[in-house]
1. In terms of modelled amide H atoms, which long-range or inter-chain residues lie less than 5 Å from the amide H of VAL209?
2. Give the long-range amide H neighbours of CYS22: residues separated by 5 or more places, or on another chain, with amide H under 5 Å away, using H modelled in the peptide plane at 1.01 Å from N.
3. In nm, to one decimal, how far is the modelled label at ILE250 from the one at ASP190, with both set 7 Å along Cα→Cβ?
4. Which values, in whole Å and largest first, are the semi-axes of the equivalent ellipsoid of segment 131-264 obtained as the square root of 5 times each eigenvalue of the Cα gyration tensor?
5. Mind checking which lysines have their C-alpha under 28 Å from LYS253, skipping anything on the same chain fewer than 8 residues away?
Amino acid sequence: MSETSDHPSGRASFDDGRYLYCLVGLDGEDRRTNQFARGVDGGRPYLVSEERVGAVVQHCECQFDSDRPETVKEWLLQHQTVVDEAGQVFGTPLPFRFDTVLTGDDNKVRDWLAEESSTLLNALNELEGLWEYRIELVWNLERQNDEVEDNERLAAIREQRDNTSAGKAHLLQKEYERRQARLAERRRQDVICNLQERLAELVQEVHSVDRSRAPALTDRQSGSDEARHMTAILASTQHEANIGEYLDTITSKPGLAVRFTGPWPPYSFAPTIGQDQ
């Protein structure tokens, strides 16, 4: 790893270590390759194998850290590119989280793979041929608010508001906006529930992606004119067409845009590995 000011002296360093990208399953063929993309911070990723499990790694002497967001973003993209290429060569990988490091040399990696081979092979077998896709729903709130205008209770509040004093009209307007927001949110929940129920019939696994860790079902930032919700699914590439056909049926809803991306390595569905490396 090249020397760089992005690794402060307070960051843990060591004589020898291996940065971990992902684990892959190996069959009887010799498919080992060093032809990976440029790794994190210019490193050279390669494969360390032990029987039927391999780890894509690169040499390092400290973990990666930077105060510059653009640097961290570049490292994350480099990490993801290597994992993507491993998936193209070996099939569905088990990705490590960014900046997972095992202290020691290649033999230390092989020892760990041998010790955990049963657990790792089970996880690789369960995910074989499956990939992560993400479906983002994006609502235009102004457009959605217009769609609930025909609600009877909202109509009654509007009429009362328009025929009362200014002070009371202000309070009624606040009540109107709160009820309008609740109705719109309820409709979004219905769309999300219907989406996930239908997808569950088509794919291996479905769950919401908690982007904001907030209790609200949809992710809406203060002052934003959009509400968003992300669903992750685990599926075979053979199901892409069926998923796409279903998503086409909900894009006609007023004020709703649908973004479908993938296939990706199963970041959201892989078991947690490398926590104590």
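1. Residues meeting the amide H criterion: MET230, THR231, ALA232.
2. VAL56, PHE96
3. 1.4 nm
4. On the way: eigenvalues 262, 41, 23 Å².
Semi-axis lengths for segment 131-264 are 36, 14, 11 Å.
5. The reachable lysines, counting only those whose Cα sits under 28 Å from LYS253, are LYS174.
Only the coordinates and a few stated rules stand behind these numbers; no lab work does. On a predicted model such as this, the values are computed, not experimentally measured, just so you know. No Cβ is skipped: glycine too gets one built from the backbone with ideal geometry, and neighbour counts run over all protein chains shown.
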